[in-house]
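Engineer: The structure follows.
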Amino acid sequence: MKIKLLLLCLFTSSFSLKAQKTVDIDGRLQPLLNDFFEYCDTYEIEYHEKLFQLKNIDVTNSLPLEEGNTVMGMVTRDANGEIENILINWIALVDPEILKVVAFHEFAHHFLEYKHTCADCDEIMAVNNASYFNVARDWENQVKKLFVTSPVYLSKQAKVSFVESEY
């Protein structure tokens, strides 16, 4: 009887430790994250494990917001250099198109393992964009380019090509 009780306690405690791993996601960003994950599914990019590496996906008022120094979004890293938070500046909430571009940009840093593609080129992964609206007007092309040129997608394609070439 004691052994069964001990096993039950061990099982329950191990289950509760695993169940405690959660990600705090700001509800205003959840629909955009869901859209991003739909694209991940389309391009067969796994995201579940990476999602639970995060602590937060949040809107914040702590990012710089001044002329010549506005940070629309960023990722923060832990002591090991791993991304642990995705942060979006509250000012991006002013317009849904700007919010979408900024959110996809930050999501792509983590889930698609992107660095920036250019300094200012009206792409989702640009450091700066002259017009977020130009990106939004060309959304489907922009998203396709974002995914098919991403480090994760290209790496997956290289593995598939390598396996196919062995036969």
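Engineer: Look at the range 114-142 and say how many of its residues are open to solvent by less than 30 Å² (accessible area, probe 1.4 Å), touching a helix residue (DSSP H, G or I) at 6+ places or on another chain (Cβ under 6 Å) and over 16 Å from Val71 (Cα atoms).
Structural biologist: Counting residues in the range 114-142 that are open to solvent by less than 30 Å² (accessible area, probe 1.4 Å), touching a helix residue (DSSP H, G or I) at 6+ places or on another chain (Cβ under 6 Å) and over 16 Å from Val71 (Cα atoms) gives 4.
Engineer: Also, quick follow-up: Restricting attention to the range 126-143, which residues are farther than 14 Å from Leu99 by Cα and hydrophobic (A, V, I, L, M, F, W, C)?
Structural biologist: Scanning the range 126-143 gives Ala126, Val127, Ala130, Val143.
Engineer: Among all residue pairs at least 6 apart or on different chains, which show Cβ distances below 6 Å where the first residue, located in the range 67-87, is farther than 27 Å from Ala130 by Cα and the second is exposed (fewer than 13 other Cβ atoms within 10 Å of the Cβ) and acidic (Asp, Glu)?
Structural biologist: Cβ pairs passing all conditions: Glu84/Asp78.
Engineer: List every residue pair whose Cβ atoms lie under 9 Å apart, where the two residues are 6 or more positions apart in sequence or sit on different chains, the first residue falls within the range 125-152 and is farther than 20 Å from Met74 by Cα, and the second residue, located anywhere, is open to solvent by 60 Å² or more (accessible area, probe 1.4 Å) and part of a loop (DSSP other than H, G, I, E, B).
Structural biologist: Listed by first residue and then by second, the contacts come to Thr149/Thr117.
Engineer: Show me the helices (runs of 4 or more DSSP H) entirely contained within the range 1-66 in which 1 or more residues are at pLDDT below 95.
Structural biologist: By residue number, 2-19.
Engineer: Just to be sure before I move on: is Glu82 open to solvent by 70 Å² or more (accessible area, probe 1.4 Å) and closer than 15 Å to Asp35 by Cβ in the structure I sent?
Structural biologist: No, not satisfied.
Engineer: Scan the range 50-79 for residues that are open to solvent by 50 Å² or more (accessible area, probe 1.4 Å) and within 17 Å of Tyr114 (Cα to Cα) and report the count.
Structural biologist: The qualifying residues number 3.
Engineer: Another question, if that's okay. Can you tell me which residues in the range 145-157 are farther than 13 Å from His105 by Cα, within 16 Å of the chain's Cα centre (by Cα) and of a type outside the set (A, V, I, L, M, F, W, C)?
Structural biologist: Scanning the range 145-157 gives Thr149, Pro151, Tyr153.
Engineer: Still on this structure, please answer the following. Determine which single condition Lys100 fails, assuming it passes every other condition in (1) in contact with a helix residue (DSSP H, G or I) (Cβ under 7 Å, 6 or more places away or on another chain); (2) open to solvent by 30 Å² or more (accessible area, probe 1.4 Å); (3) farther than 18 Å from Leu29 by Cα.
Structural biologist: The one condition Lys100 does not meet is (3).
Engineer: Against the definition (assigned to a loop (DSSP other than H, G, I, E, B) and modelled with pLDDT of 95 or more), how does Leu87 come out, yes or no?
Structural biologist: No, not satisfied.
The values are calculated or read from the model by the stated rules, or taken from the named source; none is laboratory data. From a predicted model like this one, the values you see are computed outputs, not experimental measurements. Note that each Cβ is placed from the backbone with ideal geometry, even for glycine, and that neighbours are counted across all protein chains shown. Heavy atoms of the whole protein, side chains included, go into the accessibility calculation; ligands, DNA and RNA do not. Shrake-Rupley method; radii C 1.70, N 1.55, O 1.52, S 1.80 Å.
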